[in-house]
Structure formats: C-alpha cells, structure tokens
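Novice: Sending over a structure as structure tokens; questions will come in a sec.
The values are calculated or read from the model by the stated rules, or taken from the named source; none is laboratory data. Owing to the predicted nature of the structure, the values given are computational and were not obtained by experimental measurement. In this analysis, Cβ positions are derived from the backbone assuming ideal geometry, glycine residues included, and neighbour counts consider all displayed protein chains. Protein only, heavy atoms only, side chains kept; ligands, DNA and RNA dropped before computing areas. Shrake-Rupley method; radii C 1.70, N 1.55, O 1.52, S 1.80 Å.
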Amino acid sequence: MQAESGAAGSVTEGRPIGTASARRALVERLQADGILTDPRLRDALSRLDRGVLMPRAYVRRSEQGSEPVVWELLDGAHPKDQAEWLELVYSGESVLVQRDGERFEGQVRGVVSGGRMTAMSTFTPYTVEVLQRMRIDAGHRFLDLGTGPGVSLALAAALTGPGRAFGVERDERMAAVAQKSLDRVGVGARVVAGDALDGHAPQAPFDRIHSGIGVPCLPSAWVDQLAPGGRLLTTLATRTPSWPGHCLVTRTTGGHVEAVLKGGPRGHRPLHGYTWLTAQHHLQQIAKSPGKRRPTAFAPPPDHAYGFWLAAAYLVPGVVRHFQADTLTVVAPEENSWAVAGPGDGTVRVHGPRDVWAELDHVHGLWMRAGYPAAFHIDVPDDGAQQHVTSGTGTAALRWELPALSVTP
C-alpha cells in the first residue's frame with residue numbers, strides 16, 4: 001500500500017499529502033472505541049489509502065426528507081474540495097461514490113439534484129467488526145460479495161496475502177474502477193463483474209466469504225462455495241432497516257453446515273432492488289396526531305435486547321422504527337398505522353387500522369416464553385428449499401421462515 005510523507009494540507013500530483021494523519025486518526029478512533037482490536041487489521045487500516053479507492057464522493061446538501069435530494073460531488077483532487085473530501089473519506093461513515101449507475105469517467109464535481117446512490121463504501125466500524133469476526137489468516141481464500149469501491153476487499157487482501165482475495169460486483173463500471181484502484185494500492189486482489197448471489201464458482205471453494213449486501217435468505221451458491229472449516233458472514237435483510245440480523249455460517253471439517261442468526265445495532269444495506277420501508281413520510285402526521293391514548297402494561301426491552309427486536313422484524317412484519325424520536329415510535333407505513341409509547345408513563349398512543357403495539361406485545365410474550373433467546377438457528381437444506389429459523393427444539397421455541405430470494409418485497 002502507498003506510503004505518504006510531507007506536511008498536512010500540501011498537495012502532490014493533485015492529492016493531499018496529509019492523508020497519512022487522517023488515516024492515523026481513523027485508526028485511533030476505532031481503537032479508542034474498543035472496535036479495532038486485531039493488530040494485523042490495524043496495520044492494514046494504517047496503510048490503506050482510502051482516497052485512492054474513493055477519489056470522489058457525494059455529500060447530501062438538502063435536509064432529510066426533502067425532495068428532490070440535492071447532492072454535491074466532491075473531487076479529492078480539487079483544492080476547494082480537498083478538506084471536506086478528506087474528512088468524509090476518513091470519517092468512518094459509508095461514503096457515497098456513484099449516482100444512478102453513472103459512468104465514473106463522466107463524473108463532474110458540483111451540485112446535482114435528484115437521483116439515488118447506487119454504489120457506496122461500507123460503514124467502517126461495522127467492516128472492522130465483521131473482518132475481525134471472520135478470523136482471516138494469511139493464505140485463506142477470501143470472497144467479497146458486493147465489492148463496491150473495494151475498501152473491505154482491500155483490507156481482507158492485506159490479511160490473506162496477494163492473489164487470495166476476490167470480489168464480485170454487479171456493476172461492470174464499478175468493478176472496473178475498483179480493480180484499477182486496488183491495483184494502485186497494491187494488495188493483489190481481483191474483482192469480477194457478476195451477480196453476487198451466484199458467488200464466484202471459478203475460484204471456489206473459499207475459506208472466508210463476506211457479503212457487503214444484505215439478503216433475505218442464504219443463497220445456496222454461497223453455502224456450496226464455502227470450504228470445510230470455512231466461515232461466511234452476511235446480513236439477513238428484512239423490509240425494515242431498524243433491526244438487522246447477522247448470520248454466521250460455518251462448515252465443519254466434516255462438511256456439516258451450521259448457521260446462526262443474531263441481532264445487532266447495524267448491518268449492511270440490502271441487495272439492489274430490495275426496498276426498505278421508511279417512516280419519513282409519516283412523521284409530520286404523527287407529530288400532529290400521535291393517536292388515541294390507552295394504558296399499557298407492555299414495556300419493550302432496551303435496544304440492546306437484540307434477540308427480541310430481531311424476532312419482531314420477522315414476526316411483526318412491515319414495520320419500521322423512527323430512532324430519532326424521543327419516544328418509541330413504530331410505524332407500519334403501508335397501513336398508515338403507528339404506535340407512539342412513553343416516555344415511561346404507562347400509556348401508548350395508537351393510530352390506524354393495524355394495532356402495531358398489540359403485535360409487539362404478543363411477540364414479546366412469545367420471546368419471554370422461549371427463554372429470551374439472543375441467537376437463532378437456521379436450517380439450510382442441501383436442496384435449496386425454504387430455510388427455517390428456530391430458537392430451540394421445545395414447543396415454546398420461536399419459529400419463522402425466511403423469504404426466498406425470488407420473493408420481491
């Protein structure tokens with residue numbers, strides 16, 4: 001990977017030399033927060049020039065909820081953009097790099113209106129958590145699905161060594177740009193254009209498989225391409241972004257597949273074409289008319305009770321939480337229904353034909369009877385049949401089915 005020297009803020013060949021200090025600051029924040037603990041990954045992060053992988057980046061200039069969205073494309077080689085671009089690229093946040101599938105060579109810095117982001121980097125703290133959980137060793141064959149600009153792949157390749165890490169990206173333009181950038185940082189990773197759901201059979205099997213996209217269920221190709229002793233990590237996506245599921249699949253040395261699903265505070269975005277629900281369009285209406293007040297004995301568990309909230313994502317489908325609210329606000333946008341609880345006064349306000357609060361209360365009772373499970377097991381049939389989730393074997397266990405990949409949300 002490239003090394004840099006010189007005073008912060010100076011520019012060589014159109015690039016800010018002070019990038020090295022920005023890299024150090026990112027690593028120090030991740031360590032101080034207790035997220036980055038692996039010394040090998042720390043060294044990889046310290047060396048990786050993220051600016052090479054993301055030479056331009058979009059920032060939102062309009063307020064949340066306003067339409068059309070106003071974006072500005074920052075160019076890291078432009079003196080007027082460099083300070084903000086550098087801060088963005090090393091902020092650790094997900095960096096937006098492509099709008100409406102545009103050609104990268106045709107990108108023009110400046111303000112644009114409308115459109116949606118079609119390529120972005122992963123959220124750095126979560127990327128670090130995932131890569132550490134995968135326990136990547138030198139010599140492992142690694143597959144990255146939904147590579148985007150290649151940040152996760154570059155870090156993994158630094159751990160596996162050259163020629164052992166591969167990425168699959170559906171957008172041919174993005175794949176080509178990522179390959180060129182990865183060649184520049186010199187990690188020896190390869191990117192191919194293709195459907196991430198198909199994995200990458202020509203280089204299979206893989207010791208480690210990471211999906212940077214959320215999927216509704218486990219694609220059979222991914223499981224088939226996992227080597228004995230291998231680990232696969234992906235986000236299982238529902239229609240709500242509020243309560244993501246983290247799925248770890250392992251294949252024993254004897255070939256037996258085990259899949260465990262847990263909740264967590266964050267996860268990867270769902271695959272292309274999978275649209276999340278949003279409460280954004282109902283917030284003004286909720287503020288004006290929160291709903292009919294009624295007493296409630298149901299006190300939802302805290303946010304870190306991920307087992308309950310993950311179960312709710314499946315067993316109370318079609319709802320989304322507004323996390324910015326002072327109270328617990330859960331919305332079923334397609335039924336124009338919601339529940340606004342608290343704060344802590346023993347009442348809830350409900351609106352609409354669907355009683356979202358009663359559904360959450362019911363699932364909470366099921367979760368308690370099941371023994372407050374924090375993890376769930378997924379049955380992954382060899383024939384690609386529907387995958388079943390369970391918290392255990394008893395009659396009180398929580399159970400549900402994962403939607404098939406062919407199901408359009």
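Novice: At 222 nm, what helix-only mean residue ellipticity would the chain give, in deg cm²/dmol to the nearest 500, using -39500 (n - 2.57) for each DSSP H run of four or more?
Specialist: Helix-only estimate at 222 nm: -7500 deg cm²/dmol.
Novice: Let me ask another. Which residue, 342, 214, 245, has the most motion in a Gaussian network model of the chain that connects Cα atoms within less than 10 Å?
Specialist: 342
Novice: Oh, and also: Could you report the accessible area of residue 368 in Å², rounded to 10, computed with a 1.4 Å probe on the protein chains as they sit in the structure?
Specialist: 80 Å²
Novice: Bin width 5 Å, alpha-carbon pairs only: give the P(r) of the stretch 152-258 as whole percents, running from 0 to the bin holding the largest distance.
Specialist: Calculated P(r), rounded to whole percents: 2, 12, 21, 22, 21, 14, 7, 2.
Novice: For the chain, set up a GNM with springs between Cα atoms under 10 Å and report which of 341, 374, 138 has the largest fluctuation.
Specialist: 138
Novice: Moving to a separate point now. Calculate the tail of P(r) for the chain: the fraction of all Cα-Cα distances greater than 39 Å, expressed in %.
Specialist: Values: 19068 of 83436 pairs.
Summing the P(r) of the chain above 39 Å gives 23 percent of all pairs.
Novice: Return the distance in nm (one decimal) between the two label points of a simple spin-label model at residue 327 and residue 272, each offset 7 Å from Cα along Cα→Cβ.
Specialist: So the label points at residue 327 and residue 272 sit 4.2 nm apart.
Novice: Name the shape class, rounded, prolate or oblate, that the alpha-carbon gyration tensor gives for the stretch 134-180, where a ≥ b ≥ c are the square roots of its eigenvalues, rounded holds for a/c under 1.5, and otherwise prolate holds if a/b is larger than b/c and oblate otherwise.
Specialist: The shape class here is prolate.
Novice: Please compute the modelled spin-label separation between residue 355 and residue 368, points set 7 Å along Cα→Cβ, answer in nm with one decimal.
Specialist: Placing both labels 7 Å beyond Cα along the Cβ direction yields 1.7 nm.
Novice: Could you state the principal axis extents of the C-alpha atoms in the stretch 277-409, from the largest down, to the nearest angstrom?
Specialist: Each principal axis gives a Cα extent; for the stretch 277-409 these are 52, 33, 24 Å.
Novice: Another question about this same structure. Compute the acute angle (0 to 90°) between the alpha-carbon long axis of helix 306-315 and the principal axis of greatest extent of the alpha-carbon atoms of the chain; round to the nearest 10°.
Specialist: 70 degrees
Novice: In whole Å, what are the Cα extents of the stretch 225-331 along the three principal axes, biggest one first?
Specialist: Dimensions of the stretch 225-331 along the principal axes of its Cα atoms: 59, 34, 19 Å.
Novice: In whole Å, what is the distance between the alpha-carbon centres of the stretch 356-396 and the stretch 191-242?
Specialist: 23 Å
Novice: Another one. Can you grab the distance from the C-alpha centre of the stretch 291-352 to the C-alpha centre of the stretch 33-99, Å, no decimals?
Specialist: After rounding, the separation between the Cα centres reads 33 Å.
Novice: Moving on to the next point. At q = 0.12 Å⁻¹, what log₁₀ I(q)/I(0) does a Debye calculation on the Cα points of the stretch 278-348 give, no solvent, two decimals?
Specialist: -0.31
Novice: OK, next. Over 23 Å apart: what share of the alpha carbon pairs of the stretch 77-210 falls there, rounded to a whole percent?
Specialist: The proportion of pairs with Cα distances above 23 Å equals 34 percent.
Novice: How much of the accessible area of the chain, probe 1.4 Å, is carbon plus sulfur, in whole percent?
Specialist: 51 percent
Novice: Using a probe radius of 1.4 Å on heavy atoms only, what accessible surface per residue do you get for the chain? Whole Å² is fine.
Specialist: 45 Å²
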